[in-house]
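Before any comments, here is the structure.
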Amino acid sequence: MPAVTNRGLENVVVAESKKSKVEGLEGRLSYSGFPIEDLAGHATFEEVIWLLWEGELPTRGELAIITSALAAEREIPDAVHGVLRALPADTHPMTALRTGVSALGAFDPDAELAPDDEAARRRALLRIVARIPTITAVFERVRKDKSPIPPRDDLGHSANMLFMLNGTEAGPAAVRALDTYLVLLADHGFNASTFSARVTAATKSDPYSAITSAIGTLKGPLHGGANERVMEMLESIGSVDAAEAWVLDKIEKKERIMGIGHRVYKTTDPRAAILRRMSEAQAEESGDRLYHDIALAVADTAVDFFAKNRPELMLYPNVDFYSAAVLHAAGVPSDQFTPLFAVSRVAGWTAHLLEQYADNRLIRPRAEYTGPTNRPFVSIDAR
Ligand code: COA
């Protein structure tokens, strides 16, 4: 019988990983030893993909290799376009992404080889990283009755993503903002979606199955889906003056304030601090401060309330809290916030899959059975 029942696996360490270090009490995050503050705004997303995969920052030559390898793999098969077109226009974009990635697996000859063949595994994982932006952008276009815009191989990952969404080249500020966002969310220890990916891979299933599991897990509002719910909250509050009463009413009703709280961080999430500054800069530049200011008012009220009344909970804004205002200001529709999170986190998912396949053991915890025991069977006629 298991000695400990730990609902939610809190603080349970199930593997070693060299990818990212999350220090919850100190509010620190680093990728392979590099603090997130030094990477965000300074390293490109492609550099961070290389870092997470290889454990070292790339040289110029290595960066050129990963950049062109990703660019060469962006196209998705016509049949996957067909799958995305076949979905109802009101399908949630995370459902479309999950379906698209699952369908992609059927067209990749490396998919079934990947668990046992490292070269095939790396090819498949690179394709997944390169094609998640394409699936996201294609579905965004087709659900609005617009033609998909083919990817360009002469643009970086973020610039190409914006090009596929809008059909025009984005300016350097927009590209930098998206790239910084992608760097910030690229990996985060054994978060729920990464864990899902690793659980699936640990059965020696293929990488497309593992990433499909991860996307399904990221979608939930307690994980990546929180960013969309934060935007709904900011919109429903509507004005800075209404924020305090709205938050206190939710707390009174024992409802959760989305974008607040974290399983590991018991202080400010370092990514939230950076996103808050990004949001502030966007508000300054555009002159449109509404959602930024509502977000500040919500955070102040919630943090203050919990610090005074439930200090043991240690609730602070998490990464999804300021993501909402940042992505909204960048013109991203709110139901595409979580797919954009996936565009980033797939860097970490794939890095963790490399670790998992290379040193695999089935992940299989136990449940403590608490139902009835030793019951005499009664045939259906006698019930
Ligand atoms: N608003 C209000 N109360 C919250 C809260 C929030 N956002 N987050 C946690 N709490 C409270 C719970 O109600 C619970 O209170 P109780 O002891 O009175 O029952 C307590 O804190 C512990 O909650 P629990 O769900 O056990 O903590 P957890 O470690 O599992 O929670 C989250 C982590 C992220 C799931 C949780 O903070 C949450 O739901 N946040 C909102 C969703 C979100 O932003 N998710 C994105 C995370 S990056």
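At a glance:
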{"quantity": "Positive-pole candidate from Leu185, Gly224, Ser209, dipole of region 148-250, charges at beta carbon", "calculated": "Ser209"}
{"quantity": "Helical segments meeting 20 Å axial Cα length and Kyte-Doolittle -1.0 threshold in the chain (DSSP H)", "calculated": "118-143, 270-286, 290-309, 337-358"}
{"quantity": "Among Ala130, Asn160, Pro148 - extreme Cα towards positive end, dipole of region 129-209, charges at beta-carbon", "calculated": "Pro148"}
{"quantity": "Selection from Thr44, Val13, Val80 lying farthest towards where the dipole of region 10-95 points positive, charges on Cβ", "calculated": "Val80"}
{"quantity": "Spacing of the two label points (7 Å from each Cα toward its C-beta) at Lys204 and Arg310, in nm", "calculated": "4.5 nm"}
{"quantity": "Alpha-carbon centroid distance for the pair region 290-358 / region 36-96, whole angstrom", "calculated": "20 Å"}
{"quantity": "Dimensionless Rg/Rh of the chain - Kirkwood Rh, Rg from C-alpha atoms", "calculated": "0.99"}
{"quantity": "Residues Glu235 and Ala273, FRET efficiency given R0 of 22 Å [Cβ-Cβ distance, rounded to 0.05]", "calculated": "0.40"}
{"quantity": "Ranking of Ile274, Ile65 by count of other Cβ atoms within 10 Å, fewest first", "calculated": "Ile65, Ile274"}
{"quantity": "Charge dipole (debye, nearest 20) of region 222-300; +1 at Cβ of Lys and Arg, -1 at Cβ of Asp and Glu", "calculated": "580 debye"}
{"quantity": "Share of pairwise Cα separations in region 214-318, more than 25 Å, in percent", "calculated": "18 percent"}
{"quantity": "Gain in span if fully extended, Leu25 to Asn360, counting 0.36 nm per residue against the direct Cα distance", "calculated": "117.6 nm"}
{"quantity": "Region 54-75 residues near the modelled Asp154 label - backbone nitrogen below 18 Å, point 7 Å along Cα→Cβ", "calculated": "67-75"}
{"quantity": "His92 paired with Glu169, simple spin-label distance in nm, labels 7 Å along Cα-to-beta-carbon", "calculated": "3.7 nm"}
{"quantity": "Net charge dipole size for the chain [Lys, Arg +1 and Asp, Glu -1 on Cβ; Debye, nearest 20]", "calculated": "1140 debye"}
{"quantity": "Pairwise FRET efficiency - Ser379 versus Asn6, Cβ, R0 = 35 Å, nearest 0.05", "calculated": "0.30"}
{"quantity": "Exposure proxy ranking, count of Cβ atoms within 10 Å, fewest first, for Lys19, Lys253", "calculated": "Lys253, Lys19"}
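Every number here is computed from the coordinates shown, using simple stated rules; none is lab data. Remember, it's a predicted structure, so these values are computed and weren't measured experimentally. Counting neighbours? That spans all protein chains shown, and the Cβs are built from the backbone with ideal geometry, glycine included.
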